[in-house]
Amino acid sequence: MKRTLQVLNELERGGVIERYAIGGAMGATFYVEPLLTFDLDVFVVLPQSTAGLLSLAPLYEALRARGYTEEGECVFIEGVPVQFLPAYNALLDEALMDARETSYEEAPTRVVRAEHLIAICLQTGRDKDRERVRIFREQAELDMNYLAGVLQRHGLEGKWKQWTP
Amino acid sequence: MEAMDTLKPEIARLFAAKEARRHKLAALPFPEKVRAVVCLQEMAAPVLRARGIKVRVWNLDDRVA
């Protein structure tokens, strides 16, 4: 995965993506026990095209040019299927902006904060998201003041109360 | 009923140990957790494939055999 992250860093340095951060189950795994997943979910801020449109096409083209192939929704980068998810709302924009800087085997990278991952779970709302919120509450070190701010800003306080009686 | 009562402390101890192990796993360094995820993938992949679900186990360049 080190090489995968190095490729993501190269894409960011080259301006193909403006910013990225690991999310999804692998992002959660950073804070809690290892969770089974087969994809590396990567949230990305994409540069705007001259027409003002956001498109994953230039990113996919750049990866194809480096010899990486697509399979379904993922691109195989150095043995890891990566699913790119463009930031599509204010919560994801904020999650990317505030993502935690870290490193993996000396490769610098970013992981979405636990509090934002919880908010994304609340917003997505599937059964597995609810279970993930439970695991976060049980195992992760959370900044409850920061979480309260995220929930308030993105209108998720009601869902939080509903899921955490 | 009596047998159930005698089992309770033992079961409670097992659940507590299980919980402690999950917290211990949560505290592992990230690269070790990633390797654990790949082990989980190796365990789950044959079951999922038997159900017709296409999955691929990650090929970690930095993995120690």
Item to check | Subset of the range B:24-38 (residues that are open to solvent by 10 Å² or more (accessible area, probe 1.4 Å) and in contact with a helix residue (DSSP H, G or I) (Cβ under 6 Å, 6 or more places away or on another chain)) | outcome: B:26
Item to check | Selection within the range A:74-97 - open to solvent by 10 Å² or more (accessible area, probe 1.4 Å), within 12 Å of chain B (Cβ to nearest Cβ) and free of Cβ contacts under 8 Å to residues at least 60 places away in the same chain | outcome: A:74, A:76
Item to check | Test: residue A:109 is of a type outside the set (Gly, Ala, Ser) and open to solvent by 30 Å² or more (accessible area, probe 1.4 Å) | outcome: no
Next on the checklist: Within the range A:82-165, considering only helices (runs of 4 or more DSSP H) that don't extend past its boundaries, which have at least 2 residues that are over 18 Å from the mean Cα position of the chain (by Cα)?
Outcome noted: A:127-139, A:144-153, A:157-163
Next on the checklist: Could you tell me how many of the residues in the range A:1-27 are more than 10 Å from chain B (Cβ to nearest Cβ), assigned to a helix (DSSP H, G or I), within 17 Å of residue A:95 (Cα to Cα) and open to solvent by less than 10 Å² (accessible area, probe 1.4 Å)?
Outcome noted: 1
Item to check | Residues being at the interface with chain A (Cβ under 7 Å from one of its Cβ atoms) and either modelled with pLDDT under 95 or in contact with a strand residue (DSSP E or B) (Cβ under 9 Å, 6 or more places away or on another chain) (or both) - total across the range B:34-65 | outcome: 8
Checklist outcome for this item: Taking the range A:28-42 and keeping residues out of contact with any Ser or Thr (no Cβ under 8 Å at 6 or more places or on another chain), open to solvent by less than 40 Å² (accessible area, probe 1.4 Å) and hydrophobic (A, V, I, L, M, F, W, C) leaves A:28, A:32, A:38, A:42
Checklist entry - Hey, any hits in the range A:142-162 for a residue that's surrounded by 14 or more Cβ atoms within 10 Å (Cβ to Cβ) and within 12 Å of chain B (Cβ to nearest Cβ)? => result no
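The values are calculated or read from the model by the stated rules, or taken from the named source; none is laboratory data. The structure displayed is predicted, hence computed values, not measured ones. Using ideal geometry, Cβ is built from the backbone for each residue, glycine included, and neighbour counts are taken over all protein chains shown. Areas reflect the complete protein model, heavy atoms only, side chains present, ligands, DNA and RNA absent. Shrake-Rupley method; radii C 1.70, N 1.55, O 1.52, S 1.80 Å.
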